[in-house]
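The values are calculated or read from the model by the stated rules, or taken from the named source; none is laboratory data. As the structure is a computational prediction, the values presented were derived from the model and not from experiment. Cβ placement follows ideal geometry from the backbone for every residue including glycine, while neighbour counts extend to all protein chains displayed.
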Amino acid sequence: MFSHRSSIDSALRSFKIDGHMLCYNSFVPRLYNWCLSMGFSPGRIMPSRAFCSDESQGFPIILIAKHFGAFPFNHGRVGGIVSVDRHGPHADHGKDLVLLQASHVGYDPVSGEFGVYRRLFTDQAHSSCSCGKIGRILAWYKTEYAYARENIRLLRHEGRLAVLIDYQLIASPRAQGLFLLFENLVRDVEGGLPRPLSTRSTGHIFLAAEALIERLGEAEWPQSGSVPIGDNLAADDFYFQHKGGYLDPLQDQLESNLIAPMPWILTSKHPLLTAACANTLAEFDRTYRSIVQDASMRDRNLLFLAGLNIDISPQPGEDFPLTKFVPWAAYLQRADGGREILEQDELLERLSAESSSNPAQINLEQSIEAMSNKREVAVRI
Ligand SMILES: [Zn+2]
């Protein structure tokens, strides 16, 4: 998905959010009605979800159970990773199949901030990072990025526009860290850094690249002393390498989905939102490929849909978040062999065209009541 650096920015921009959200209350019945309109059999559909393990994802799961009449199969891992080795068991549990993948991001409706979620059940009902798993992965990269922003400095050397680059960012070879695309910052880079103009105790001074001067404008260089490059260090100027070293390959999957787009994630307005979108882009592509190759999924009515859950923090007195869903893409496969991929706008249009009323939805309270009134069944050992 993100194998070509030059296309990452445009891939991330293609994920539209504004004007593309559906409330879960209307999204799930629309999804159910869409399945019926495509010939899926009512009462024979096994829904499945690949959501993060966060408790904020519970409300969407309850709505899926209510509208599909079946508790969804668990196809997901923390962070919104699809367990692609679970297609077989999912396929075994229903005639027609629905798989919904969503990465998620918290949202504070008061401050308008993305990446936070109010934990109503904590002592002080404090807000914390959401998605916390993605946040923990981002932390190491944020530190590296903050160091580079501060330790690449703009200065004049003997009247010429120059950059001072910290040794840590030049050191080679390095197993991990933030790596600069020197040609964007330094003049006369040909296969390697040129001879420095001068050397300081913690870094080398080089002539600034023409492209950098053009991008920033000469006024960014102070007349005396030096200033950090800060926000002027653009996503195009660097990349990362990191040794994750997780024992669980599915934990590695989340980080490997995020490492290539990481410079764009960190330089975006809402890093946790951008990271969740990047993960959904990567997971749709990876999961689609795994489904079409999986024998257990063949010749089935199947709908795989990926998107983003925006968890609007609950206010005191509210039991659940007001979760919104932003669809990204869908893969539709029919038992007769028909196949179709729906891109974001088309997918939203398809869902919006369906009714949000579902007379077949179950009354969960009544269902639970009915089960508790059943005659006890003895388990014989
Ligand atoms: Zn999460």
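Taking the criterion of being away from the ligand (no atom under 16 Å from the Cβ) and either in contact (Cβ under 8 Å) with a residue 60 or more places away in the chain or surrounded by 19 or more Cβ atoms within 10 Å (Cβ to Cβ) (or both), the residues of the stretch 42-55 that qualify are Pro42, Ile45, Met46, Pro47, Ser48. Under the condition of being over 30 Å from Trp140 (Cβ atoms) and either surrounded by fewer than 16 Cβ atoms within 10 Å (Cβ to Cβ) or touching a Ser or Thr at 6+ places or on another chain (Cβ under 9 Å) (or both), the residues counted in the stretch 269-293 number 2. No other residue among Pro109, Pro89 is under 16 Å from Cys23 (Cβ atoms) and in contact with a Ser or Thr (Cβ under 9 Å, 6 or more places away or on another chain) apart from Pro109. Within the stretch 144-192, the set of residues being free of Cβ contacts under 8 Å to residues at least 40 places away in the same chain and either touching a Ser or Thr at 6+ places or on another chain (Cβ under 7 Å) or not assigned by TED's automatic domain parsing to the domain that holds Ala208 (or both) comprises Asp166, Tyr167. Here the stretch 78-100 is the region considered, the condition is being in contact with a strand residue (DSSP E or B) (Cβ under 8 Å, 6 or more places away or on another chain) and within 13 Å of the ligand (Cβ to nearest atom), and the residue that is farthest from Arg44 (Cα to Cα) is Gly79. Can you say whether His4 is free of Cβ contacts under 8 Å to residues at least 40 places away in the same chain and either in contact with a helix residue (DSSP H, G or I) (Cβ under 9 Å, 6 or more places away or on another chain) or surrounded by fewer than 20 Cβ atoms within 10 Å (Cβ to Cβ) (or both), as far as the supplied structure shows? When the stated conditions are applied, His4 passes them. Just wondering, is there one or more residues in the stretch 320-343 that are touching a Pro at 6+ places or on another chain (Cβ under 9 Å) and in a loop (DSSP other than H, G, I, E, B)? Yes: the stretch 320-343 contains one or more residues that are touching a Pro at 6+ places or on another chain (Cβ under 9 Å) and in a loop (DSSP other than H, G, I, E, B). Criterion applied to Gly225, Gly230 was being surrounded by fewer than 16 Cβ atoms within 10 Å (Cβ to Cβ), within 35 Å of the chain's Cα centre (by Cα) and not polar (S, T, N, Q), and the one residue passing it is Gly230.
So that you can scan it fast, the table gives a plain yes or no per residue for (1) closer than 16 Å to Ala102 by Cα; (2) in the same structural domain as Ala276 (by TED's automatic domain parsing); (3) of a type in the set (D, E, K, R):
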residue	(1), (2), (3)
Ser313	no, yes, no
Trp328	yes, yes, no
Ala335	no, yes, no
Gly338	no, yes, no
Leu347	yes, yes, no
Arg350	no, yes, yes
Ser357	no, yes, no
Glu365	no, yes, yes
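For Gly317, the test of being modelled with pLDDT under 95, more than 30 Å from Asp123 (Cα to Cα) and outside any helix (DSSP H, G or I) is failed. Residue count for the stretch 64-78 satisfying the condition of being crowded, with 21+ Cβ neighbours inside 10 Å, among the hydrophobic types (A, V, I, L, M, F, W, C) and under 16 Å from Leu308 (Cα atoms): 1. Looking at Ala219, Ala276, Ala211, just one residue is of a type in the set (Gly, Ala, Ser) and under 25 Å from Leu308 (Cβ atoms), and that residue is Ala276.
Yes/no per residue for (1) part of a helix (DSSP H, G or I); (2) under 30 Å from Thr323 (Cβ atoms); (3) not β-branched (Val, Ile, Thr):
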residue: Thr122; (1), (2), (3): no, yes, no
residue: Arg136; (1), (2), (3): yes, yes, yes
residue: Glu150; (1), (2), (3): yes, no, yes
residue: Gly192; (1), (2), (3): no, no, yes
residue: Arg195; (1), (2), (3): no, no, yes
residue: Ala219; (1), (2), (3): yes, no, yes
residue: Pro222; (1), (2), (3): no, no, yes
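Checking each residue in the stretch 79-124 for being surrounded by fewer than 24 Cβ atoms within 10 Å (Cβ to Cβ), among the small types (Gly, Ala, Ser) and in contact (Cβ under 8 Å) with a residue 12 or more places away in the chain picks out Ser83, Gly88, Ala91, Gly94. Can you say whether Ile61 is in the same structural domain as Ser355 (by TED's automatic domain parsing) and either within 16 Å of the ligand (Cβ to nearest atom) or aromatic (Phe, Trp, Tyr) (or both), as far as the supplied structure shows? So Ile61 fits the description; yes. All conditions in (1) loosely packed, with under 13 Cβ neighbours inside 10 Å; (2) at negative phi; (3) among the acidic types (Asp, Glu) hold for Glu158, with the sole exception of (2).
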